[in-house]
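Colleague: First the structure, which I've put down as structure tokens, then a few questions once you've had a look.
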Amino acid sequence: MSSPSEGKCPVEMSKGTCGRSTARDNRCIFHLGNKDQAEAQEFAKLFPEELNTLEARGDIDLSHFEFPGEVTEFLGRILSKNIIFSRAVFEKKVYFYGTEFKEADFWHTTFKDEADFREATFTATANFSEAIFEAGADFTLTKFNAFARLRKARFLKPRSVVFDQNQMNNVSFLHTEGLSEVTLRSVQWPTDKGRCRLIDEDLMMEGEQDATYVNIADVYRRLRRNYESRVRYSDAGSFFKSEMEMRRMQVAPGKKLVDKVRRNLLSAIGWYNLLSVYGESPSRVAVCALAVFGVFSFWRFLVTPLPINPCLTQLVSAAMNSIERTILVFFQLKSEDFSDGIERILSALLLTLSAVTLRRQLERHR
Ligand SMILES: [Zn+2]
């Protein structure tokens, strides 16, 4: 059963057919799955030399490789070539601690044990799409200097996956499994106008198909939940704003005036933003309340019947009456004409929103 054969390994790798001599079951020692102890030892003996040879030749193609034991060959290594691990399987822990990568392709790589990427640097594109992390992964101080695609990556034990002290400007988490539970410590998210703004929004502007308002809103929603579950409401608020922004844009995404009017003035979410920045800004609610108050007081003053040459006392009296009426209407205590009705609707909205925003602020300081 384990007798070596003379054949050539037929595994299709990223850069062509393997063609190495087969060890068993029509596979070379590197592509052979379920290695026994002797085969694992053989792999461990041959792999370092194989890695050096491949690196000297060009892109390091390790696709479909089956790593049977702990992998330490990449520890602190500065790779001079791009590396491909697509569909490779790591049975035991793999150490990429301090490794400096050029382009790195982990498409559909399976990590059955822990993956240590601490202090690793990706100087070019890092592709983890559809990678499967069956155990923990540590990305403490990992640097993603170019686009890092963690899309559709699957963190099956998300609470054991750690991101700490990372700059997330280049990272895409579209459809990443376990995102609402991964451990996020001192992570720096890219921000714009007081909210988080992930790279996917830029890619959407460039016309990328997978980056849609719906998909990006989903990423923000799961990050919000993540922070909420850790009682980090301020961070959660930033992601909530971004989530709502995506939903508001989705109402009418175009750049024309008619689209802007539709999403800002003809939608509930547009008004939610205008009046309270999605319930996140008590000061916005206060400014709007003052504006409503000022406009209605002034209007009532203008329409107060006065003599042709009123004296100062009459003017002051008219102003006081207008303000008093506005206060009564604002707090829903009076309703006589059409303008009262309009003010009551606006004030009811603002009073509700002030309750919502204040509740959120209090929750954060509990
Ligand atoms: Zn092979």
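The values are calculated or read from the model by the stated rules, or taken from the named source; none is laboratory data. Since the structure is predicted, the reported quantities are computational estimates derived from the model, not experimental observations. In this analysis, Cβ positions are derived from the backbone assuming ideal geometry, glycine residues included, and neighbour counts consider all displayed protein chains.
Colleague: Among the residues of the stretch 33-64, what is the count of those that are within 20 Å of I83 (Cα to Cα) and modelled with pLDDT of 95 or more?
Modeller: Within the stretch 33-64, the first condition is being within 20 Å of I83 (Cα to Cα), and the residues that meet it are 43-44, 46-64.
Next, only the ones that are modelled with pLDDT of 95 or more stay: 43-44, 46-56, 59-64.
Summing the residues that are within 20 Å of I83 (Cα to Cα) and modelled with pLDDT of 95 or more in the stretch 33-64 gives 19.
Colleague: With (1) touching a residue at least 60 places away in the same chain (Cβ under 8 Å); (2) buried (at least 18 other Cβ atoms within 10 Å of the Cβ) as the list, and K15 as the residue in question, which single condition is left unmet?
Modeller: (2)
Colleague: Can you work out which of the residues in the stretch 44-102 that are hydrophobic (A, V, I, L, M, F, W, C) and assigned to a loop (DSSP other than H, G, I, E, B) is nearest to A146 (Cα to Cα)? Steps first, please.
Modeller: Of all residues in the stretch 44-102, those hydrophobic (A, V, I, L, M, F, W, C) come to 44, 46-47, 51, 54, 56, 60, 62, 65, 67, 71, 74-75, 78-79, 83-85, 88-90, 94, 96, 101.
Subset that is assigned to a loop (DSSP other than H, G, I, E, B): 62, 65, 74-75, 79, 85, 88, 96.
On the way: L62: 22, F65: 26, F74: 20, L75: 21, L79: 16, F85: 18, A88: 23, F96: 18 Å.
Going through the qualifying residues, I end up with L79.
Colleague: Tell me whether the stretch 13-24 contains one or more residues that are aliphatic (A, V, I, L, M) and either over 18 Å from A135 (Cβ atoms) or at pLDDT below 95 (or both).
Modeller: If we filter the stretch 13-24 for residues that are aliphatic (A, V, I, L, M), which is where we start, we get 13, 23.
When the remaining residues are screened for being either over 18 Å from A135 (Cβ atoms) or at pLDDT below 95 (or both), the result is 13, 23.
Yes; the residues of the stretch 13-24 include at least one that is aliphatic (A, V, I, L, M) and either over 18 Å from A135 (Cβ atoms) or at pLDDT below 95 (or both).
Colleague: How many of the residues making up the stretch 49-85 are within 13 Å of the ligand (Cβ to nearest atom) and at positive phi? Walk me through how you get there before you give the answer.
Modeller: Our first condition is that a residue be within 13 Å of the ligand (Cβ to nearest atom); within the stretch 49-85, this holds for 50, 54, 61-66.
Still in the list and also at positive phi: 64.
Counting residues in the stretch 49-85 that are within 13 Å of the ligand (Cβ to nearest atom) and at positive phi gives 1.
Colleague: Condition first: within 43 Å of the chain's Cα centre (by Cα) and assigned to a helix (DSSP H, G or I). Can you find one or more residues in the stretch 300-310 that meet it? Step through it out loud before you land on a result.
Modeller: Looking only at the stretch 300-310, we keep the residues that are within 43 Å of the chain's Cα centre (by Cα), and these are none.
Looking for residues that are within 43 Å of the chain's Cα centre (by Cα) and assigned to a helix (DSSP H, G or I), one finds none in the stretch 300-310, hence no.
Colleague: Considering V171, V161, which residue is modelled with pLDDT of 95 or more and over 15 Å from the mean Cα position of the chain (by Cα)?
Modeller: Values: V171 fails: over 15 Å from the mean Cα position of the chain (by Cα).
Result of the check over V171, V161: V161.
Colleague: Return the only residue of E130, E181 being part of a loop (DSSP other than H, G, I, E, B), under 13 Å from the mean Cα position of the chain (by Cα) and touching a residue at least 24 places away in the same chain (Cβ under 8 Å).
Modeller: Working: E130 fails: under 13 Å from the mean Cα position of the chain (by Cα).
Testing whether each residue is part of a loop (DSSP other than H, G, I, E, B), under 13 Å from the mean Cα position of the chain (by Cα) and touching a residue at least 24 places away in the same chain (Cβ under 8 Å) leaves just E181.
Colleague: Something else about it: Would you please list the contacts, defined by Cβ atoms under 6 Å and residues six or more apart or on different chains, that run from a residue in the stretch 306-332 that is closer than 18 Å to L290 by Cβ to a residue that is in a loop (DSSP other than H, G, I, E, B)?
Modeller: L328/K334
Colleague: Pick from the stretch 26-48 the residues that are touching a Gly at 6+ places or on another chain (Cβ under 8 Å) and not polar (S, T, N, Q): which of them is nearest to the ligand (Cβ to nearest atom)?
Modeller: First, pick out the residues of the stretch 26-48 that are touching a Gly at 6+ places or on another chain (Cβ under 8 Å): 26-27, 40, 43-44.
Going one step further and asking which of them are not polar (S, T, N, Q), we end up with 27, 40, 43-44.
On the way: R27: 6, A40: 16, F43: 12, A44: 16 Å.
Only one residue tops the list, namely R27.
Colleague: A further question follows. Tell me, please, whether a residue that is at pLDDT below 90, over 28 Å from V214 (Cα atoms), hydroxyl-bearing (S, T, Y) and part of a helix (DSSP H, G or I) can be found in the stretch 321-330.
Modeller: Within the stretch 321-330, the first condition is being at pLDDT below 90, and the residues that meet it are none.
For the stretch 321-330, residues at pLDDT below 90, over 28 Å from V214 (Cα atoms), hydroxyl-bearing (S, T, Y) and part of a helix (DSSP H, G or I): absent.
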